[in-house]
1. Can you pull out the residues in region 6-63 that are modelled with pLDDT of 90 or more, hydroxyl-bearing (Ser, Thr, Tyr) and surrounded by fewer than 17 Cβ atoms within 10 Å (Cβ to Cβ)?
2. Check Met179, Met124 and return the single one that is within 20 Å of Gly14 (Cα to Cα), part of a helix (DSSP H, G or I), of a type outside the set (D, E, K, R) and at pLDDT below 90.
3. Give Asp133, Asp151 a once-over and let me know the one that is closer than 16 Å to Arg17 by Cα, modelled with pLDDT of 90 or more and of a type outside the set (Gly, Ala, Ser).
4. Looking only at residues that are in contact with a strand residue (DSSP E or B) (Cβ under 9 Å, 6 or more places away or on another chain) and of a type in the set (D, E, K, R) in region 80-117, which one is modelled with the lowest pLDDT?
5. Under 6 Å by Cβ, and 6 or more places apart or on different chains, what pairs join a residue from region 156-180 that is touching a residue at least 40 places away in the same chain (Cβ under 8 Å) and under 16 Å from Thr20 (Cβ atoms) with one that is among the small types (Gly, Ala, Ser) and in a helix (DSSP H, G or I)?
6. Determine whether Gln142 is within 21 Å of Val74 (Cα to Cα), surrounded by fewer than 16 Cβ atoms within 10 Å (Cβ to Cβ) and either out of contact with any strand residue (DSSP E or B) (no Cβ under 9 Å at 6 or more places or on another chain) or at pLDDT 90 or above (or both).
7. Return the residues of region 6-24 that are in contact (Cβ under 8 Å) with a residue 60 or more places away in the chain and not polar (S, T, N, Q); say none if nothing qualifies.
Amino acid sequence: MSTATSEYLTIVSGLPRSGTSMMMRMLELAGLPVLTDEQRGADDDNPNGYYEFEAVKQTADDPSWLNGSEGSAVKMVYRLLYDLPTDRQYRVLFMRRNLDEVLASQQVMLNRHGVKDEVSHAQMMKLFRAEIDAFYKWVEKQSHIDLIDVDYNRMLSDSRQELAKVNDFLGGSLDLDIMLQGVDASLYRNRK
């Protein structure tokens with residue numbers, strides 16, 4: 001791990017079903033320690049695991065999990081980034097995926113678990129767009145957060161170039177060839 005990487009917490013974020021678990025797996029393969037509690041095991045929707053860490057959901061009330069987290073990676077839904085204390089630095093890999101694909105993937109997952117989605121596709125699209133727009137306006141004013149977009153669709157079509165961008169952003173010490181082993185195009189099942 002480079003000295004630069006050890007100075008901040010790497011956060012993988014984005015909308016649900018945007019490739020955050022895949023990115024966490026790639027970082028782990030490259031040797032970056034990942035914060036996960038493994039409470040949510042692998043399943044048909046995420047056969048390589050979810051890489052979730054329940055403590056992030058309580059950050060607003062109890063940010064103690066952040067102590068000693070520098071040099072690691074954690075997954076956080078974008079809404080939780082608002083709760084991060086401003087007294088430390090974060091590097092955020094914000095996963096971007098075609099929004100129709102995100103919604104299709106989410107619908108498949110909800111259907112598999114027998115959950116009825118009460119909101120229409122058009123309403124969800126409008127909601128997600130508005131929330132992401134508001135998030136970007138907020139994050140550009142945050143001096144404690146450095147963020148780059150990582151394109152899920154490009155990750156599958158031009159993995160090396162997209163991962164080189166990630167590696168440069170994180171200090172250049174990650175092994176791209178090992179990270180490439182984490183790109184699993186077979187999981188790209190909801191295409192638009």
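1. Correct list: empty.
2. When all the criteria are applied, what remains is Met124.
3. Asp151
4. Per the criteria, the residue is Arg97.
5. none
6. yes
7. Glu7, Tyr8, Leu9, Ile11, Val12, Gly14, Leu15, Pro16, Arg17, Gly19, Met22, Met23 - these are the residues of region 6-24 that are in contact (Cβ under 8 Å) with a residue 60 or more places away in the chain and not polar (S, T, N, Q).
The values are calculated or read from the model by the stated rules, or taken from the named source; none is laboratory data. Note that the structure is predicted; figures quoted are calculated from it, not measured. All Cβ positions, glycine included, derive from the backbone under ideal geometry; neighbour counts span all protein chains shown.
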